[in-house]
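Working notes for the structure below.
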Amino acid sequence: MSKELTRVDLPYNLIKETAFSGLVPRELVPYVKPALVEFRNEMAAELGLPDYANMDKGDLPSRLNGNVGGGMTKKMVAFAEAVLAWHYKNRVLITE
């Protein structure tokens, strides 16, 4: 690594208030639902359902709807693992 990490480099207050508590910062709350809707539609498009937002979900087989939600969950877990690993790595680098 070309640069040593210091406590100044990491936003510990923000991390404490959000990432470790599971709370979304107040200023981001209005963006959560539209972001998830967009994410759901992108996931559906990847599965071959390009017009998922306008489809009647009741006409789709439950397995297909489940694949959309399952794909979203898989990607969100992978993202959370990456964030956790990043925070852990930075904590380890600071304490060394």
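The values are calculated or read from the model by the stated rules, or taken from the named source; none is laboratory data. Just so it is clear, the structure is predicted and the values come from calculations on it, not from any experiment. Note that we place each Cβ from the backbone using ideal geometry, even for glycine, and neighbour counts take in every protein chain shown.
Some values worked out for this structure:
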| quantity | calculated |
| --- | --- |
| Evaluation of Met43 against (1) assigned to a helix (DSSP H, G or I); (2) at pLDDT below 55; (3) closer than 19 Å to Ala82 by Cβ (one fails), failing number | (2) |
| Filter result (under 17 Å from Val83 (Cβ atoms), modelled with pLDDT of 85 or more and either among the β-branched types (Val, Ile, Thr) or in contact with a Phe, Trp or Tyr (Cβ under 7 Å, 6 or more places away or on another chain) (or both)) within the stretch 21-39 | Val32 |
| Pairs where the first residue, in the stretch 38-52, is free of Cβ contacts under 8 Å to residues at least 24 places away in the same chain and small (Gly, Ala, Ser) and the second is in a helix (DSSP H, G or I) and crowded, with 16+ Cβ neighbours inside 10 Å, C-beta under 8 Å, 6+ apart | Ala45/Tyr52 |
| In the stretch 48-71, the residues that are surrounded by 10 or more Cβ atoms within 10 Å (Cβ to Cβ) and part of a helix (DSSP H, G or I) | Tyr52, Ala53, Lys57, Leu64, Asn65, Gly66, Asn67, Val68, Gly69, Gly70, Gly71 |
